[in-house]
Amino acid sequence: MKALEDLGKSTTEFFEYAGGLTELGGETLGFIGKLRIRLTETVLQCYLLGVQSLLIVLLTSLFTGMVFSLESAQQAVQYGVGNLVGGAVAYTSVRELGPMLSAVVVAGRVGAAIAAELGSMVITEQIEALQSLGLAPARFLVVPRLLALIVMLPLLAIFADVVSIVGGMWIAQTYAHINYESFLSSVRQTIGFDDVTRGLFKSVIFGIIIALVGSYQGLRTRGGAAGVGVATTGAVVVSIILIFISNFVLSYILYGGSTG
Amino acid sequence: MTETIAKVDNVTLRYGDKIVLEDCSLDVVKGAITCVIGLSGAGKSTILRLLNGLRKPERGHVYVKGVDICHMPERELINFRSAIGFAFQFAALLDSMTVVENVALPLREHTRMSEEEIERTAKATLDSVGLDGAYGLFPSELSGGMLKRAGFARAVVTNPDIVLYDEPTTGLDPIITNLLTDTIKHLRAKLNGTAVVISHDLHSIYMMADYLAMLYEGAIVEYGPLQDVQRSSNPIVQQFLQGSEVGPIPV
């Protein structure tokens, strides 16, 4: 009986969360649709959320590209297919690693920051103050963050793609003696413009997830400083789970299970 | 002849299982300062939040300028709230903005004034609460009394019909308390408007209140002109006003 009660409670909470998140998303997109945008604040958020995440995205992408190349290049050479390493690294980077890795890193850094900032504003009554001034928190706070991530996450993914491929190329040359020309030729033969744009489309969706989940977690903060901690952790966990789920769904839709 | 500008009408509201207000009614007289007193956690601040639609009652109605705001859609309510000033207990200034930017915010969002006019109005409002030297400071750089005054300035900058003050003098020294009390009276007179003040501070209430209401166990148990309530024979009111440990209010 207790297990059933718990199941019922969890189900209700899940639907309440999903409903609240969807409502916030709808309200925010409604303001964007009506062009009710605070431009200066959006530019500031682009800097805070995007530019300040660049270094960590570059570092994680560089080393991931290097590891991928390290593990695949020597074996590929042994099997006589060293000329495919560049394509493999680029294919993985552009379709998956670039968008996914930058999204996960940004979810950890930025999703948490958004939830903490908005959560602190809830417990210091700043959100109520905005409402009492006749200002919708969705327009005032969520719209700039959402737009900033929609713009900046794809840009970060491009940097991640490039750095990951460059790192992979350097390792392939150093450890498996695959020269740069051969590596780059393989890259050019394997990936096309479509692969890049589809990867960037994924980044846009991931950006929406991070901004909305971070904002929603922050705005539903209850119970003082401890509540801010809960909101922050929740923002990271929920964002990352949703990024992985949506990545599978998007890959299925965009690539249709094909390999090419 | 007194005219009511806002009315809490038989409102019941609970937080979770706890009943905060039960069949609670309060009239806010136009052009007067109405103070609400009561024990800590009695639901006084909830009354303010009902009056600007930040909380919705479970039962009953809240009328402001004759309009029932309980069933007003959030979008309409957001516009409606710009006619009601709210000075929060801890000011709740946006900490990413300077004092003058905080005060200018409602003008920037709700009026078609030029930037120059907005800045002039915001600074004049800050001057009127004695914060002429604090334009460019951030909230974290202000003392408690300055924060409260900056909150007052933001609440009144759009010349609202009603200003709601939540514990305006709590936790401040007597000199600043007197200064803030005078500021509330001065602002009400200047705006020719209405104020509702939630407070525990009987000294400042006696200085400014035209009407006094006492909230106890979720309902208004006494309400009327200040002197009438002070002379009330209600033992709950008398125990509270005298700060006595003996009486019907359990300690």
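The values are calculated or read from the model by the stated rules, or taken from the named source; none is laboratory data. Note that the coordinates shown come from a computational prediction; the quantities given were computed from them, not determined experimentally. With ideal geometry, Cβ positions are generated from the backbone for all residues, glycine too; neighbour counts draw on all protein chains shown.
For residues in region B:53-81 being of a type in the set (V, I, T) and under 16 Å from the mean Cα position of the chain (by Cα), which is nearest to the other protein chains (Cβ to nearest Cβ)?
The initial filter retains those residues of region B:53-81 that are of a type in the set (V, I, T), namely B:62, B:64, B:67, B:69, B:78.
Checking which are under 16 Å from the mean Cα position of the chain (by Cα) leaves us with B:62, B:64.
Numbers: B:V62: 15, B:V64: 13 Å.
Of everything passing the filter in region B:53-81, B:V64 is nearest to the other protein chains (Cβ to nearest Cβ).
Tell me whether region A:70-87 contains one or more residues that are within 27 Å of A:A112 (Cα to Cα) and assigned to a helix (DSSP H, G or I). First the steps, then the outcome.
At the first step, the residues of region A:70-87 found to be within 27 Å of A:A112 (Cα to Cα) are none.
There is no residue in region A:70-87 that is within 27 Å of A:A112 (Cα to Cα) and assigned to a helix (DSSP H, G or I).
Which residues, taken from region B:158-181, are over 15 Å from the mean Cα position of the chain (by Cα) and on the phi < 0 side of the Ramachandran plot? So that I can check it myself, show each step before the final result.
Of region B:158-181, the ones over 15 Å from the mean Cα position of the chain (by Cα) are B:158, B:171-179.
Result: B:T158, B:L172, B:D173, B:P174, B:I175, B:I176, B:T177, B:N178, B:L179.
Does at least one position in region B:95-110 carry a residue that is hydroxyl-bearing (S, T, Y), within 11 Å of another protein chain (Cβ to nearest Cβ) and in contact (Cβ under 8 Å) with a residue 60 or more places away in the chain? Even if it seems obvious, please write down each step before you answer.
Step one: filter region B:95-110 for residues hydroxyl-bearing (S, T, Y), giving B:96, B:98.
Pick out the ones that are also within 11 Å of another protein chain (Cβ to nearest Cβ) and you get B:96.
Applying the additional criterion that residues be in contact (Cβ under 8 Å) with a residue 60 or more places away in the chain yields none.
For region B:95-110, residues hydroxyl-bearing (S, T, Y), within 11 Å of another protein chain (Cβ to nearest Cβ) and in contact (Cβ under 8 Å) with a residue 60 or more places away in the chain: absent.
For residues that are aliphatic (A, V, I, L, M) and within 8 Å of another protein chain (Cβ to nearest Cβ), scanning just region A:133-142, find the one that is farthest from A:A211 (Cα to Cα). Don't jump to the end; show me each part of the working.
So in region A:133-142, the residues aliphatic (A, V, I, L, M) come out as A:133, A:135-136, A:138, A:141-142.
Okay, now just the ones that are also within 8 Å of another protein chain (Cβ to nearest Cβ), so A:133, A:135-136.
Details: A:L133: 24, A:L135: 19, A:A136: 17 Å.
The extreme case among them is A:L133.
The conditions are (1) under 30 Å from A:E23 (Cβ atoms); (2) over 17 Å from the mean Cα position of the chain (by Cα), and A:I205 fails exactly one of them. Which is it?
Just one mismatch for A:I205, condition (2).
Is at least one residue of region B:93-109 modelled with pLDDT under 90 and not small (G, A, S)? Even if it seems obvious, please write down each step before you answer.
Step one: of region B:93-109, the residues modelled with pLDDT under 90 are B:109.
Narrowing the set further to residues that are not small (G, A, S) leaves B:109.
So far as region B:93-109 goes, yes, one or more of its residues are modelled with pLDDT under 90 and not small (G, A, S).
Mind telling me which of the residues B:T181, B:T194 ends up being of a type in the set (S, T, Y), touching a helix residue (DSSP H, G or I) at 6+ places or on another chain (Cβ under 9 Å) and within 11 Å of B:G85 (Cα to Cα)? Full working, then the answer.
Values: B:T181 fails: within 11 Å of B:G85 (Cα to Cα).
From the options B:T181, B:T194, the qualifying one is B:T194.
Residues that are loosely packed, with under 15 Cβ neighbours inside 10 Å and either farther than 24 Å from B:I5 by Cα or modelled with pLDDT of 90 or more (or both): does region B:191-203 have at least one?
As a first pass, look at region B:191-203 and keep what is loosely packed, with under 15 Cβ neighbours inside 10 Å: B:192, B:203.
Retained after the next criterion (residues that are either farther than 24 Å from B:I5 by Cα or modelled with pLDDT of 90 or more (or both)): B:203.
Yes, there is a match, as at least one residue in region B:191-203 is loosely packed, with under 15 Cβ neighbours inside 10 Å and either farther than 24 Å from B:I5 by Cα or modelled with pLDDT of 90 or more (or both).
Take region A:60-113 and flag every residue that is buried (at least 18 other Cβ atoms within 10 Å of the Cβ) and either among the aromatic types (F, W, Y) or touching a Pro at 6+ places or on another chain (Cβ under 6 Å) (or both).
Scanning region A:60-113 gives A:F68, A:Y91.
Scan region A:122-139 and tell me whether some residue there is surrounded by fewer than 20 Cβ atoms within 10 Å (Cβ to Cβ), on the phi < 0 side of the Ramachandran plot, hydroxyl-bearing (S, T, Y) and more than 12 Å from the chain's Cα centre (by Cα).
Checked region A:122-139: at least one residue is surrounded by fewer than 20 Cβ atoms within 10 Å (Cβ to Cβ), on the phi < 0 side of the Ramachandran plot, hydroxyl-bearing (S, T, Y) and more than 12 Å from the chain's Cα centre (by Cα).
For region A:7-29, enumerate the residues that are among the charged types (D, E, K, R) and surrounded by 12 or more Cβ atoms within 10 Å (Cβ to Cβ). Walk me through it before giving the result.
The first filter runs over region A:7-29 and keeps only residues among the charged types (D, E, K, R), leaving A:9, A:13, A:16, A:23, A:27.
Correct list: A:E23, A:E27.
Looking only at residues that are among the hydrophobic types (A, V, I, L, M, F, W, C) and surrounded by fewer than 22 Cβ atoms within 10 Å (Cβ to Cβ) in region B:148-176, which one is nearest to B:L50 (Cα to Cα)? Give the steps one after another, and end with the answer.
Within region B:148-176, the first condition is being among the hydrophobic types (A, V, I, L, M, F, W, C), and the residues that meet it are B:150, B:152-153, B:155-157, B:162-164, B:172, B:175-176.
Checking which are surrounded by fewer than 22 Cβ atoms within 10 Å (Cβ to Cβ) leaves us with B:172, B:175-176.
Details: B:L172: 26, B:I175: 31, B:I176: 28 Å.
It comes out as B:L172.
Just checking, how many residues over region B:111-120 are of a type in the set (G, A, S) and either at the interface with chain A (Cβ under 7 Å from one of its Cβ atoms) or touching a residue at least 40 places away in the same chain (Cβ under 8 Å) (or both)?
Of region B:111-120, the ones of a type in the set (G, A, S) are B:114.
Remaining after also requiring either at the interface with chain A (Cβ under 7 Å from one of its Cβ atoms) or touching a residue at least 40 places away in the same chain (Cβ under 8 Å) (or both): none.
Going through region B:111-120 one residue at a time, the tally reaches 0.
Confirm whether A:G256 is touching a residue at least 60 places away in the same chain (Cβ under 8 Å) and of a type in the set (G, A, S). Please lay out each step first, then the result.
Numbers: touching a residue at least 60 places away in the same chain (Cβ under 8 Å): no; of a type in the set (G, A, S): yes.
So A:G256 fails the test.
Cβ-Cβ under 6 Å, sequence separation 6+ or interchain: first residue in region B:210-223 and more than 18 Å from B:A195 (Cβ to Cβ), partner outside any strand (DSSP E or B). Which pairs?
These pairs meet every condition: B:Y216/B:I236; B:V221/B:I236; B:E222/B:V229; B:E222/B:S232; B:E222/B:N234; B:E222/B:V237.
If you scan region A:210-237, which residues turn out to be in contact (Cβ under 8 Å) with a residue 60 or more places away in the chain, within 13 Å of the chain's Cα centre (by Cα) and under 17 Å from A:F14 (Cβ atoms)?
A:L212, A:V213, A:A235 - these are the residues of region A:210-237 that are in contact (Cβ under 8 Å) with a residue 60 or more places away in the chain, within 13 Å of the chain's Cα centre (by Cα) and under 17 Å from A:F14 (Cβ atoms).
Regarding B:I84, is this residue touching a strand residue (DSSP E or B) at 6+ places or on another chain (Cβ under 6 Å), crowded, with 16+ Cβ neighbours inside 10 Å and facing chain A (nearest Cβ under 8 Å)? Please lay out each step first, then the result.
Details: touching a strand residue (DSSP E or B) at 6+ places or on another chain (Cβ under 6 Å): yes; crowded, with 16+ Cβ neighbours inside 10 Å: yes; facing chain A (nearest Cβ under 8 Å): yes.
Considered against the rule, which asks whether it is touching a strand residue (DSSP E or B) at 6+ places or on another chain (Cβ under 6 Å), crowded, with 16+ Cβ neighbours inside 10 Å and facing chain A (nearest Cβ under 8 Å), B:I84 comes out as yes.
Give all pairs with beta carbons closer than 7 Å in which a residue from region A:108-132 that is away from chain B (no Cβ under 13 Å) meets a residue that is surrounded by fewer than 21 Cβ atoms within 10 Å (Cβ to Cβ) and assigned to a helix (DSSP H, G or I); count only pairs at least 6 apart in sequence or on separate chains.
Qualifying pairs under 7 Å: A:R109/A:I56; A:G119/A:G227.
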